[in-house]
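Novice: Pasting a structure here, questions to come.
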Ligand code: DGY
């Protein structure tokens, strides 16, 4: 008999869901708004796997609703703050995510935000479209240069490295702050205070955890240059948005480029950051290319199929076992 797998979307890019449906009975959340924890729990009874996206709530109640059959929670995302990892560990459930496959695409978008925020692309395009370009004036839309600037990366994993490689094409000096990453050919490791003081652009590449929540708040923003730009493609909760809003409104920070927010999705209740002229905002599209989103789904499906076939998961979260029921950190992670 086929095992049951819950997916939090009826449609996903690429052929991954077809492969999953060939091997398992797939039950999908049918809604068009973000599912709440109870919505997913109501569908979970007896499932062996859950395929969720980076924003979907995966908590202990869902795991209990699934029962002892649940062996794997597979995220089609790199970020994993939406999963109660302690609850999964207690129940011996494997939790996987999708590193590597999205690093280059997310680095491309990081650079899009850097360029757009420092060169005031949003204002310029909106004014052109509104019909207000009457005269070429030398002082309109003056931005700040990217070439030759210093880029500070907070978090220097796969995405941070991919951003650093691009920065060298722009002739930038690159610094990073990451306790796990020494100097390399691309970047110099520095303390957080040095990075904040010396960087023209600070870009965030850390997961959201208890340690990184509001890592950038009023104190860190005050330590940045008033000509600096803050960019985030990681998770909204890493930045204290209230403090950021004050800093840009008061001219203590030149600009910001944000793909992620503390509250997602926003619907019609927009964050005040969206209307700020010096803040470029996007609806969490860091990995949104056809090829990358399909690769994420494929990897997420492979992780489920491997665990259900009693093979180790390909890309378990750091600290998660690769095989159900084994103590955390003892099984062979290939991430
Ligand atoms: C990720 O992979 O974490 C992206 O932010 C999409 O959720």
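Novice: When you check residue 297 against the structure, is it free of Cβ contacts under 8 Å to residues at least 40 places away in the same chain, within 15 Å of the ligand (Cβ to nearest atom), within 24 Å of residue 110 (Cβ to Cβ) and surrounded by 14 or more Cβ atoms within 10 Å (Cβ to Cβ), yes or no?
Specialist: Working: free of Cβ contacts under 8 Å to residues at least 40 places away in the same chain: no; within 15 Å of the ligand (Cβ to nearest atom): yes; within 24 Å of residue 110 (Cβ to Cβ): yes; surrounded by 14 or more Cβ atoms within 10 Å (Cβ to Cβ): yes.
Against the criterion (free of Cβ contacts under 8 Å to residues at least 40 places away in the same chain, within 15 Å of the ligand (Cβ to nearest atom), within 24 Å of residue 110 (Cβ to Cβ) and surrounded by 14 or more Cβ atoms within 10 Å (Cβ to Cβ)), residue 297 does not qualify.
Novice: Could you grab me the full set of residues in the range 1-23 that are crowded, with 22+ Cβ neighbours inside 10 Å and in a strand (DSSP E or B)?
Specialist: Matches in the range 1-23: 5, 6, 7.
Novice: While we're looking at this one, here's another question. Looking only at the range 59-75, how many residues end up being away from the ligand (no atom under 13 Å from the Cβ), under 24 Å from the mean Cα position of the chain (by Cα) and surrounded by 21 or more Cβ atoms within 10 Å (Cβ to Cβ)?
Specialist: Here is the first cut: in the range 59-75, the ones away from the ligand (no atom under 13 Å from the Cβ) are 59-73.
Okay, now just the ones that are also under 24 Å from the mean Cα position of the chain (by Cα), so 59-60, 62-63, 72-73.
If we keep only those that are surrounded by 21 or more Cβ atoms within 10 Å (Cβ to Cβ) as well, we get 62-63, 72-73.
Total meeting the criteria: 4.
Novice: Moving on. Residue 84 is checked against (1) outside the structural domain of residue 164 (by TED's automatic domain parsing); (2) within 16 Å of the ligand (Cβ to nearest atom); (3) modelled with pLDDT of 95 or more; (4) closer than 18 Å to residue 207 by Cβ and fails just one. What number does that condition carry?
Specialist: Against the list (1) outside the structural domain of residue 164 (by TED's automatic domain parsing); (2) within 16 Å of the ligand (Cβ to nearest atom); (3) modelled with pLDDT of 95 or more; (4) closer than 18 Å to residue 207 by Cβ, residue 84 comes up short only on (2).
Novice: Testing residue 36 on (1) over 18 Å from residue 305 (Cβ atoms); (2) more than 16 Å from the ligand (Cβ to nearest atom); (3) crowded, with 21+ Cβ neighbours inside 10 Å, one condition comes back false. Which one is that?
Specialist: Going through (1) over 18 Å from residue 305 (Cβ atoms); (2) more than 16 Å from the ligand (Cβ to nearest atom); (3) crowded, with 21+ Cβ neighbours inside 10 Å one by one, residue 36 breaks only (3).
Novice: Counting only residues that are under 25 Å from residue 259 (Cα atoms) and touching a strand residue (DSSP E or B) at 6+ places or on another chain (Cβ under 6 Å), which one in the range 40-53 is surrounded by the most Cβ atoms within 10 Å (Cβ to Cβ)?
Specialist: Of the range 40-53, the ones under 25 Å from residue 259 (Cα atoms) are 51-53.
Filter once more, keeping what is touching a strand residue (DSSP E or B) at 6+ places or on another chain (Cβ under 6 Å): 51-52.
Details: 51: 29, 52: 26.
Ranking the candidates gives 51 first.
Novice: If you scan the range 303-319, which residues turn out to be within 16 Å of the ligand (Cβ to nearest atom) and either within 30 Å of residue 115 (Cβ to Cβ) or not in a loop (DSSP other than H, G, I, E, B) (or both)?
Specialist: Residues of the range 303-319 that are within 16 Å of the ligand (Cβ to nearest atom), as a first pass: 303, 314-318.
Answer for the range 303-319, where residues must be within 16 Å of the ligand (Cβ to nearest atom) and either within 30 Å of residue 115 (Cβ to Cβ) or not in a loop (DSSP other than H, G, I, E, B) (or both): 303, 316.
Novice: Can you find, within the range 248-276, the residue that is farthest from the chain's Cα centre (by Cα) among those that are more than 16 Å from residue 220 (Cβ to Cβ) and part of a helix (DSSP H, G or I)?
Specialist: Per the criteria, the residue is 249.
The values are calculated or read from the model by the stated rules, or taken from the named source; none is laboratory data. Because the structure is a prediction, the values reported are computed rather than measured. Glycine also receives a Cβ, built like all others from the backbone with ideal geometry; neighbour counts cover every protein chain displayed.
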